[in-house]
Amino acid sequence: MRLIHLDEVDSTNAYIMREVANLDAPVMVLAHTQTAGQGQRGNSWEAEPGKNLTFSIFYRPSELPPMAQFSMSEAVALAVVDFLREYGIQAKVKWPNDIYVGDRKICGILIRHSIMGTVVSFSVIGVGINVNQTEFASDAPNPVSMWQITGEEYDLASLEKEIASIMERRLGLISTEEDRKTLHKEFMQCLWRGDGNLYPFADTATNEDFMASIEEIAPHGPITLLLEDGSLRTYAFKEVTFLAK
């Protein structure tokens, strides 16, 4: 995977969208400073310049049907988990694709797809991993960095090459239906709060708070929750939120 380094950009995702016609996939675009980096739901992503891994990947999957696009999210999330494990950090995937260590967020992922006919034409995969940041000034409730967990400072140039290699390997495992089934099983085994215990959730449409356990994540993305009364509810992304214990 080719790497492109930028000193400053509004966001690496936006840069790729502007340069789609000039880029050969796969390519990873990394930025020292993002002035308008985004997380899910349009939230800004706090990243101290020169302290973290902030990048986007321009990727063209092979014959990936739109219904299977969640497998790319699974592959990217598991790639980050693989990467962190190399440094002794045990992470989990918070549905749909945040990466948590304990109850703290170490990585955010934002993926946009371009659909053409019956396949995903290309994808732009934005990733922010907290690495050497020692303090977080925003009102984000639970950020954490590799440095805060291990007490070690990391060489970003070395990390860039490593995460690029891991990402390319994981993304290569979504080309067939059988590969995607295997990937989904691994995703389920790495799920944050996926231990069968009850946890608090909130229905975003009704503002109802309730206790439930995670019953299943469908291969195409929706989550099914098992409530205390034995009933099941299925939610798409943004229809339900996890609450603090």
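Taking the stated definitions as given, is Pro49 of a type outside the set (A, V, I, L, M), under 30 Å from Gln189 (Cβ atoms) and outside the structural domain of Ala236 (by TED's automatic domain parsing)? Judged against the criteria, Pro49 is not a match. Looking only at the stretch 139-196, which residues are touching a helix residue (DSSP H, G or I) at 6+ places or on another chain (Cβ under 8 Å) and among the basic types (Lys, Arg)? Within the stretch 139-196, Arg169, Arg170, Arg180 meet the criteria. Looking only at residues of the stretch 121-138 that are in contact with a helix residue (DSSP H, G or I) (Cβ under 8 Å, 6 or more places away or on another chain) and of a type in the set (S, T, N, Q), we find that the one that is surrounded by the fewest Cβ atoms within 10 Å (Cβ to Cβ) is Thr134.
Being out of contact with any Gly (no Cβ under 7 Å at 6 or more places or on another chain), small (Gly, Ala, Ser), at pLDDT 95 or above and surrounded by 12 or more Cβ atoms within 10 Å (Cβ to Cβ) is a description that applies to Ala164. Inspect all residues belonging to the stretch 4-16 and state whether any of them is over 25 Å from Glu153 (Cα atoms), free of Cβ contacts under 8 Å to residues at least 60 places away in the same chain and hydroxyl-bearing (Ser, Thr, Tyr). Yes, the stretch 4-16 has at least one match.
May I ask you to verify whether Asn142 is closer than 23 Å to Glu74 by Cβ, at pLDDT below 95 and either of a type in the set (Lys, Arg) or within 20 Å of the chain's Cα centre (by Cα) (or both)? Yes, satisfied. Within the option set Asp98, Asp82, being in contact with a strand residue (DSSP E or B) (Cβ under 8 Å, 6 or more places away or on another chain) and of a type in the set (Asp, Glu) holds for one residue only, Asp98.
The values are calculated or read from the model by the stated rules, or taken from the named source; none is laboratory data. Quick caveat, the model's predicted, so the values are computed rather than measured. When we count neighbours, we look across all protein chains shown, and the Cβ atoms used for this are built from the backbone with ideal geometry, even at glycine.
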